[in-house]
2 protein chains.
Amino acid sequence: MPIKKTTISDVAKHAQVSKSTVSQYLNERFEYMREETRKRIEKAIKELNYQPNNVARSLKLKSTATIGVIVANILHSYSTQVIRAIEDTLNENEFSTIICNADDDPEKEKKYIETLLARQVDGLIVFPTSGNQELYKRLIDSNFPIVFVDRYVSDLNADAVMLDNEKAIHLAVEHLLTNGYEDIAVLTTSLENAVVPRLERIQGYRSAMDRFKLPIREDYIKSMDLSVMKDGIAELFQLEKPPQAIVSGNDLTLMEFLKYAAEHNVKIGTDVGLVTIDEVPYASVHNPPLTTIAQPTFEMGEKAVELLLHKFDSIKKNDPKIYRFDPSIIARKSSEKAGAQL
Amino acid sequence: MPIKKTTISDVAKHAQVSKSTVSQYLNERFEYMREETRKRIEKAIKELNYQPNNVARSLKLKSTATIGVIVANILHSYSTQVIRAIEDTLNENEFSTIICNADDDPEKEKKYIETLLARQVDGLIVFPTSGNQELYKRLIDSNFPIVFVDRYVSDLNADAVMLDNEKAIHLAVEHLLTNGYEDIAVLTTSLENAVVPRLERIQGYRSAMDRFKLPIREDYIKSMDLSVMKDGIAELFQLEKPPQAIVSGNDLTLMEFLKYAAEHNVKIGTDVGLVTIDEVPYASVHNPPLTTIAQPTFEMGEKAVELLLHKFDSIKKNDPKIYRFDPSIIARKSSEKAGAQL
DNA sequence: CTGAAAGCGCTTACAG
DNA sequence: CTGAAAGCGCTTACAG
């Protein structure tokens, strides 16, 4: 099926030089090349419409100039945003990117890691699920370049790019308090797998309540699978003292809450204040507009790439480290009591 | 930097067989292999933690089992949905996927095509921009497997997977009429680059108005760059006879319209009916919920892969063809006059 | 300034 | 049932 490609030998023959010389030309080592030779090769390449074969080059060079990116769940707008930044930055550095979506499934994640390694990627950027610790450990121990994003894997000595999750929750709680909401509940997806940001966000909730001298009510903490989140939300509103405000842990829990609110005619802002972690594309056009805690997604993606590339060109490797990024609040009507709903 | 990998030779030595035999093992050609040999190789692979090098394999086999996907603009939710379907389907067939975002820039698109070819992808699925006709022509003439999605490139004899755009607009217009809206305007992004779906959607608008015996008002047709779309929408509402309803050409024009509506306190449903092409994730939680014309994104992605894979295993190639998919309407409140807004 | 040779890690006819 | 040999398309020391 594939077209028979013209190879470096064809070019060499056509230009009446050796393969070595053509290779020099391709790699822009012009120092010792006569002007005339160069011209001849240039012409031959054009005439034959020659396209070098990167697979062969990679084999010889033992480097594919490709980075694998494995994302736990591509459905989060956070993930897509960070991935775009990663890809852009990698591109600027002449690296290709292969993106894989693990779908929150450690088995899938494992398969992807193996495929990517077999394909000889030069490094990995991963939003890890919570399986595969050992696999990661092996990789890191053998010095394979890897950077984690959004989450880190515990007991692993690796670089990670993370949100300051505690701060994010504090921002949200503080903002809600300032706006007159006191009984604040929090929604996150299931803690079952001990995914770091979720734990940190719950922890952040507790410490924020503490800090602002508010009681911590366990029944205000809803950590559950998305599929049953709406039931959890319903429970919240059936409490004797339902919460006055909600902090949504990410864009998917937000979606569940918005669905519940639409179905039960809960007026966001007036009936219940709302702040969500993660900026979503529709935040400003929602009615009422949604107050969000935005992550600096571009900077985080950029940093991940920087950390990874750093591992290539420096012999002395820095100690692995967790890099924390500051969240910022984008205040909109969903967290204002007065006149929120049109 | 890369770890020195164990190779097939190491395994062969360790298992005391030849490389050929190990290769047979790897490719599961067990027919002529003694049980005992197989066991020995299996053991050696495990002990050495051997991972075959796919780059070498690809070079020898002249096939990378990788498909390149180039998307004109990844920001459309349509694109992300189709891409997910493509990736899933490709995965099921043991192909890897490399996704590139051309950002609506033909130059970028060209660069990606070249990179992907250099990387020896076995085929290409592309949501084309409107440059690079010649490049595509060359590829197709040389029999390189390629399938277009969402748009086709004119004068090119290639397979394409498309929405029935005319039908989509007819559905929208008909639905709005049924709901009592008669003066219907349409919003699409700039026609400058003659991107097929936009043309077809405008054409569909004209034919729909015709069919339903409504006058075609040129000032109800707004085709412009997203950056000035809001001005165009403003013009619409400053007309002596502003439209009663809007058909939005895609999710990005929708976003512009929703922004305008929010800023100018235009009540969707009551003040102006709205139907948009493309289902968006927030359609059902928007207030009011948005009536959308959904594309069968999964089927379209699946079909694209099927067409592409078909080119690999059949010698006789079918005549290239444009496959049209039916849109379906998801009616929600934004196109209901009564009680749309809470 | 340029070429011959070896080698990257596989696969596959072919011989035995 | 298994191995030796050639070759995929490059790159790179090294010799001249």
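Looking at A:Arg198, A:Arg151, can you tell me which residue is closer than 23 Å to A:Ile74 by Cβ, assigned to a loop (DSSP other than H, G, I, E, B) and touching a Ser or Thr at 6+ places or on another chain (Cβ under 9 Å)?
Exactly one residue qualifies, and that residue is A:Arg151.
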Could you tell me how many of the residues in the range A:28-59 are within 12 Å of DNA strand C (Cβ to nearest atom) and either within 14 Å of another protein chain (Cβ to nearest Cβ) or not in a helix (DSSP H, G or I) (or both)? 12
Qualifying positions in the range A:276-335 - more than 20 Å from A:Ile146 (Cβ to Cβ), hydroxyl-bearing (Ser, Thr, Tyr) and within 12 Å of chain B (Cβ to nearest Cβ): A:Tyr282, A:Ser284, A:Ser334
Working only within the range A:86-107, note down all residues that are facing chain B (nearest Cβ under 9 Å) and either over 17 Å from B:Asn101 (Cα atoms) or of a type in the set (Val, Ile, Thr) (or both). A:Thr97, A:Ile98, A:Ile99
Give A:Arg138, A:Arg206, A:Arg119, A:Arg151 a once-over and let me know the one that is more than 18 Å from A:Met300 (Cα to Cα), of a type in the set (Lys, Arg) and crowded, with 17+ Cβ neighbours inside 10 Å. A:Arg119
Taking the condition aliphatic (A, V, I, L, M) and either closer than 30 Å to B:Phe144 by Cβ or buried (at least 24 other Cβ atoms within 10 Å of the Cβ) (or both), does B:Leu252 pass? no
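Residue-by-condition table, conditions (1) surrounded by fewer than 23 Cβ atoms within 10 Å (Cβ to Cβ); (2) modelled with pLDDT of 95 or more; (3) within 11 Å of the chain's Cα centre (by Cα):
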{"position": "B:Pro52", "(1), (2), (3)": "yes, no, no"}
{"position": "B:Val71", "(1), (2), (3)": "no, no, yes"}
{"position": "B:Asp88", "(1), (2), (3)": "yes, no, no"}
{"position": "B:Glu92", "(1), (2), (3)": "yes, no, no"}
{"position": "B:Thr97", "(1), (2), (3)": "yes, no, no"}
{"position": "B:Asp105", "(1), (2), (3)": "yes, no, no"}
{"position": "B:Thr115", "(1), (2), (3)": "yes, no, no"}
{"position": "B:Phe127", "(1), (2), (3)": "no, yes, yes"}
{"position": "B:Gly131", "(1), (2), (3)": "yes, no, no"}
Residue among B:Lys241, B:Lys230 that alone is assigned to a loop (DSSP other than H, G, I, E, B) and assigned by TED's automatic domain parsing to the domain that holds B:Val275: B:Lys241
Residue hits (the range A:17-32; more than 9 Å from DNA strand D (Cβ to nearest atom) and modelled with pLDDT of 90 or more) are A:Val17
Quick one: in the range A:176-199, of everything that is free of Cβ contacts under 8 Å to residues at least 60 places away in the same chain and within 13 Å of A:Val247 (Cβ to Cβ), which residue is surrounded by the fewest Cβ atoms within 10 Å (Cβ to Cβ)? A:Leu177
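The values are calculated or read from the model by the stated rules, or taken from the named source; none is laboratory data. Because the structure is predicted, anything quoted here is derived from the model rather than measured. Reconstructed Cβ throughout: ideal geometry from the backbone, glycine too, with neighbour counts over all protein chains shown.
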